[in-house]
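K.L.:
Mind having a look at this structure? Questions to follow.
The values are calculated or read from the model by the stated rules, or taken from the named source; none is laboratory data. What you see is a predicted model, and the numbers here were worked out from it, not measured in a lab. Reconstructed Cβ throughout: ideal geometry from the backbone, glycine too, with neighbour counts over all protein chains shown. In case anyone asks, the SASA skips ligands and DNA or RNA and just uses the protein heavy atoms, side chains included. Shrake-Rupley method; radii C 1.70, N 1.55, O 1.52, S 1.80 Å.
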Amino acid sequence: MLKIYHVKGTRAVRVIWLCEELKVPYEVQVIDFSPDYRNSPEWRSISPTGKVPAMTDGDLTMFESGAMADYVYEKYGNGELGGNLMTADGALCRQWCWFAEATFARPLGEIVNHNRVAPSGQVVDFVIEDCKVRAKTCISAIEEVVSQSDYLVGNTFSMADIMNGYSLMLADNFEVLTEEFPSTRAYYERLGERPGFQIAKDAG
Ligand SMILES: N[C@@H](CCC(=O)N[C@@H](CS)C(=O)NCC(=O)O)C(=O)O
C-alpha cells in the first residue's frame, strides 16, 4: 500500500487529495517536522533534502509532490484526472501541474523560508512584497482561465486542479488571493467543496 509521509498543511495534501479522488488506498505516516528530525539520517534516507512530503510504494521511495502525483495517476489512475499526455488536454494538464509547483508555489515557499531564516528583526519587506507580486502574476494566469471555464483544463476536474488547489491554499494563507481575483476565489471555493480536499487538508 502507498505510504504518504505527511505533516499537516504540507504539499502531501496534493497526494492525499489525489488518492482520495481516485479511491486509491493509502496510509498516512505523520512525521516530526522539527529541523532535528528532518536532518536525521533516518529522514534523509527517505527525503535527501529533508523536505516533506515523501512516499513509498513497496520498494519504491519517492520525494517531490508532483512526481508522486504523476506516479499515482499513471499507476492507479485508469486515465482519470490526467488524460493522455499526447493529447492537447493531457499536455495542458501537465503544463498546469508543473506551473503549480515550479512557478506558483516558488514565491510562496520563499516567503516561508525568508520569514524562517531571517534573523529576528531582519525580515526584508521588499523580499516579501516581491514574492507576493510574483505569486499574484501566477494567480492572474489562473484568473484568465477560470473566468472562462470551471477548471484549469476546460470543464473537467483534473490533477492540475489538485496541484494548483494546494498552491492557492498557500496563497490564501498569505492573503495573496485577494478580491482582485474573483473568478479564482470562486474556483478555489469550488475546489474546497470536494471531500478529498477537505480530508487532505485535515489530515495529520
Ligand atoms: N518541490 C517540493 C517542495 C517540498 C517542500 O518545500 N516542502 C516543504 C513543506 S510543504 C518543506 O519541507 N519545507 C521545509 C524546508 O524547506 O526546510 C515538493 O513539491 O515536494
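K.L.:
For 98, 17, give me the order by solvent-accessible area with a 1.4 Å probe, most accessible first, ignoring ligands, DNA and RNA.
P.N.:
Descending order: 98, 17.
K.L.:
Choose one of 13, 149, 187: the residue whose Cα lies farthest towards the positive end of the charge dipole of the chain (beta-carbon charges +1 Lys, Arg; -1 Asp, Glu; about the Cα centre).
P.N.:
About the Cα centre, the residue reaching furthest to the positive side is 13.
K.L.:
Same structure, new question: Can you pick out the pairs among 51/132; 23/132; 3/136; 8/75 whose Cα atoms lie more than 31 Å from each other?
P.N.:
Over 31 Å apart, Cα to Cα: 23/132; 3/136.
K.L.:
Set the Förster distance to 45 Å, then compute FRET efficiency between residue 3 and residue 155 from the Cβ-Cβ distance, nearest 0.05.
P.N.:
The computed FRET efficiency comes out at 0.85.
K.L.:
What longest range of the chain stays clear of loop-exposed GluC sites (Glu not before Pro) (DSSP non-H/G/I/E/B, at most 11 other C-beta within 10 angstrom)?
P.N.:
Counting only loop sites that pass the neighbour cut-off, the longest clear stretch is 1-174.
K.L.:
Which residue fluctuates the most in the chain, going by a Gaussian network model with Cα springs under 10 Å, if the choices are 152, 18, 92?
P.N.:
Between 152, 18, 92, it is 92 that shows the largest mean-square fluctuation.
K.L.:
Continuing with this model, one more query. Apply 1/(1 + (r/R0)^6) to the Cβ-Cβ distance of residue 87 and residue 144, taking R0 = 22 Å, and write down the FRET efficiency to the nearest 0.05.
P.N.:
With R0 = 22 Å, the Cβ-Cβ based efficiency is 0.50.
K.L.:
Take the chain, connect every pair of alpha-carbon atoms lying under 10 Å apart with a spring to form a Gaussian network, then pick out the residue of 123, 15, 146 with the largest mean-square fluctuation.
P.N.:
Looking only at 123, 15, 146, the biggest GNM fluctuation is shown by 123.
K.L.:
Might you report the magnitude of the Cβ-based charge dipole of the chain about its Cα centre, with Lys and Arg at +1 and Asp and Glu at -1, to the nearest 20 debye?
P.N.:
Dipole about the Cα centre, nearest 20: 360 debye.
K.L.:
Taking only Cα atoms and a 10 Å spring cutoff, compute GNM fluctuations for the chain and point out the largest among 111, 139, 16.
P.N.:
111
K.L.:
In addition: Magnitude of the Cβ-charge dipole of segment 2-80, K/R +1 and D/E -1, about the Cα centre, nearest 20 debye?
P.N.:
The dipole magnitude comes to about 220 debye.
K.L.:
Test of understanding: what is the full-extension gain from residue 110 to residue 75, defined as 0.36 nm times their sequence separation minus their Cα-Cα distance?
P.N.:
That pair, residue 110 and residue 75, stretches by 9.4 nm at full extension.
K.L.:
Follow-up. Would you work out which of 77, 39, 127 lies farthest towards the positive end of the dipole of the chain, given +1 charges on the beta-carbon of Lys and Arg and -1 on that of Asp and Glu, about the Cα centre?
P.N.:
Result: 39, furthest along the dipole toward the positive end.
K.L.:
Work out how much length residue 199 to residue 117 would gain on full extension: take 0.36 nm times their residue separation and subtract the Cα-Cα distance, in nm to one decimal.
P.N.:
Result for the pair: 26.4 nm of gain on full extension.
K.L.:
Could you sort 154-163, 51-60 so that the peptide with the highest average Cβ count within 10 Å comes first and the rest follow in order?
P.N.:
154-163, 51-60
K.L.:
Then there's this: Using the alpha-carbon centroid of each, what span in Å lies between segment 102-162 and segment 33-101?
P.N.:
19 Å
K.L.:
For a test of the definition: using alpha carbon positions, the gyration tensor, and the 1.5 limit on a/c, classify the chain as rounded, prolate or oblate.
P.N.:
Verdict is oblate for the chain.
K.L.:
Now for a separate question. Given the rule -39500 (n - 2.57) for each run of at least 4 DSSP H residues, summed and divided by the residues of the chain, what is its mean residue ellipticity at 222 nm, to the nearest 500 deg cm²/dmol?
P.N.:
-16500 deg cm²/dmol
K.L.:
Also, I was wondering about something else. Would segment 55-150 count as rounded, prolate or oblate if I go by the C-alpha gyration tensor, calling it rounded below 1.5 in a/c and otherwise prolate when a/b exceeds b/c, oblate otherwise?
P.N.:
Judged from the Cα gyration tensor, segment 55-150 comes out oblate (a/c at least 1.5, b/c at or above a/b).
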